[in-house]
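Here is the structure we will look at, set down as structure tokens.
None of the figures in this text is laboratory data; all of them are computed from the coordinates on show. All of these numbers come straight from a predicted model, not from anything done at the bench. Here the Cβ positions follow ideal geometry from the backbone for every residue, glycine too, while neighbour counts run over all protein chains shown.
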Amino acid sequence: MISIKQINENEIDLCYELDSNTISLWTKKQWANEFKKEGTKIIGLLLENLVIGICVFQVVIDEVQINYFVVNQNFRKKGFGSYLMDYLIKRCKKLNINKLLLEVSQSNITAEKFYNRFDFSTVGIRKNYYKDGSDALLKEKKLTTK
Ligand SMILES: CC(C)(COP(=O)(O)OP(=O)(O)OC[C@H]1O[C@@H](n2cnc3c(N)ncnc32)[C@H](O)[C@@H]1OP(=O)(O)O)[C@@H](O)C(=O)NCCC(=O)NCCS
């Protein structure tokens, strides 16, 4: 059974472990900071009791910035990422969020395809944004006509 739950700071190890096994974006200290950031929520996608995906997003007035979005390597291309994104979009609509924003490396073709499938459009580029020198694409998805 698939479900979604909010992840709290006492489960930081779970986040750090999934991150270390996938994209290694944040240190444990950086994860700890995420839990403390105002407006930030961390949600996990569970298959039975196993957390197979994590999304970190921050609500800023009527916008949501997606700061982290990962599915465990062994469970990709099975629709789980879409399940998590669908959940997030529905939740944002209920909160009257105007748009979703994120940054993704131009070299991350998989993520680019994934976000395009949800009608995110590229609204800007940050040159040399990542450690490997790749550019970041700024993407947004409007949820209202505002
Ligand atoms: C991006 C990511 C979250 C997608 O999760 P997922 O569970 O594999 O996604 P889904 O199975 O729901 O795929 C949905 C669609 O995304 C696209 N997609 C996903 N993986 C893809 C791949 N390897 N190649 C091409 N397109 C892909 C396809 O359009 C797919 O639809 P389809 O299966 O009908 O072709 C996952 O690949 C991941 O965790 N990547 C590493 C972390 C990352 O890059 N996060 C984003 C950085 S901001």
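Hey, what number do you get for the chain at 222 nm if only DSSP H runs of n ≥ 4 count, each worth -39500 (n - 2.57), divided across all residues, to the nearest 500? Don't skip to the end; give the middle numbers.
Working: 4 runs with 42 residues, N = 146.
When only DSSP H runs of four or more count, the value is -8500 deg cm²/dmol.
Using amide H atoms built in the peptide plane, which far-off residues or other-chain residues are under 5 Å from Thr40 H to H?
Here Val59 satisfy the definition.
List, in order, the whole-Hz ³J(HN,Hα) value for each residue of the stretch 17-32 obtained from phi through the Karplus relation with A = 6.51, B = -1.76, C = 1.60 and θ = phi - 60°; use x for Gly and Pro.
5, 4, 5, 4, 8, 10, 9, 6, 7, 10, 6, 4, 5, 5, 4, 4
So how do 62-69, 122-129 stack up, highest first, on mean other-Cβ count within 10 Å? Walk me through the numbers on the way to the answer.
Details: 62-69: 18.6, 122-129: 11.8.
Result, highest mean Cβ count within 10 Å first: 62-69, 122-129.
Starting from the alpha-carbon convex hull of the chain, give the projected area averaged over all orientations, in nm². Display every interim value, and only then the final one.
On the way: hull surface 35.2 nm².
The orientation-averaged projected area of the Cα hull of the chain comes to 8.8 nm².
Each residue of the stretch 42-55 in order: what ³J(HN,Hα) in whole Hz does its phi give by Karplus 6.51 cos²θ - 1.76 cosθ + 1.60, θ = phi - 60°, with x for Gly and Pro?
10, 10, x, 9, 10, 10, 6, 9, 9, 7, 10, x, 9, 10
For the ranges 52-59, 99-106, what's the packing order if you count other beta-carbon atoms within 10 Å of each residue, average per peptide, and put the highest first? Intermediate results must be reported in sequence, preceding the final value.
Details: 52-59: 20.8, 99-106: 18.4.
Result, highest mean first: 52-59, 99-106.
Nearest-5 percent of antiparallel DSSP beta bridges in the chain? Don't jump to the answer; show the numbers that get you there.
Working: 33 of 37 bridges.
Looking only at bridges with both residues in the chain, the antiparallel portion is about 90 percent.
Quick one: dipole size for the stretch 2-142, taken about the Cα centre, charges +1 on Lys/Arg Cβ and -1 on Asp/Glu Cβ, in debye to the nearest 20. Walk me through the numbers on the way to the answer.
On the way: 22 positive and 17 negative charges, 81 e Å.
Result for the stretch 2-142 is approximately 380 debye, rounded to the nearest 20.
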